[in-house]
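The values are calculated or read from the model by the stated rules, or taken from the named source; none is laboratory data. These numbers were taken from a predicted model, which means no experiment stands behind them. Please note: Cβ atoms are built from the backbone with ideal geometry, for glycine as well, and neighbour counts cover all protein chains shown. These area figures cover heavy atoms from the full protein model, side chains too; ligands, DNA and RNA do not enter into them. Shrake-Rupley method; radii C 1.70, N 1.55, O 1.52, S 1.80 Å.
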Amino acid sequence: VLHVELHRPSKRNAINLRCWREMVECFQDISRDPSCRAVVISGAGNCFTSESLFMGIPGEDAARRAWNLRQKILEFQESFSVLEKCPKPVIAAVH
């Protein structure tokens with residue numbers, strides 16, 4: 001069993017750009033690792049995670065902000081999809 005820990009406790013494990021990208025790489029590697037039979041993902045410190053990347057989306061009006069938000073979501077969707085695609089059971093230890 002592999003333990004993946006989000007480790008930014010001083011930032012409440014806020015998922016930053018680097019984390020989004022590393023999550024994809026990490027779970028792609030885990031998917032190919034024959035010694036891994038299951039994965040537990042948790043957050044260090046007092047909370048599992050928080051997220052602030054989508055705050056302050058730029059745009060002159062609501063339509064442009066919505067378009068920019070949609071683009072950002074599509075860009076980061078793979079970080080969640082990689083968990084779903086992982087052939088090993090993934091357990092989130094949320095607190």
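The residues of the range 2-93 have, on average, 67 Å² of accessible surface per residue, using a 1.4 Å probe with all protein chains present.
A Cβ-based charge dipole, computed about the Cα centre of the chain with Lys and Arg at +1 and Asp and Glu at -1, lands at about 100 debye.
Only DSSP H runs of four or more residues enter the estimate; each adds -39500 (n - 2.57), and after division by the residues of the chain the mean residue ellipticity at 222 nm equals -14500 deg cm²/dmol. Compared with the dominant principal axis of the Cα atoms in the chain, helix 17-32 is inclined by about 30°. What is the angle, in °, between the Cα long axis of helix 62-85 and the longest principal axis of the Cα atoms in the chain? Nearest 10 is fine, range 0 to 90. Result, in degrees: 10. Surface composition of the chain: carbon and sulfur atoms hold 55% of the protein heavy-atom accessible area at a 1.4 Å probe. Rg and Dmax over the alpha-carbon atoms of the chain stand at 15.2, 51 Å. Protection proxy ranking of 84-90, 37-43, by the mean of other Cβ atoms within 10 Å over each peptide's residues and highest first, is 37-43, 84-90.
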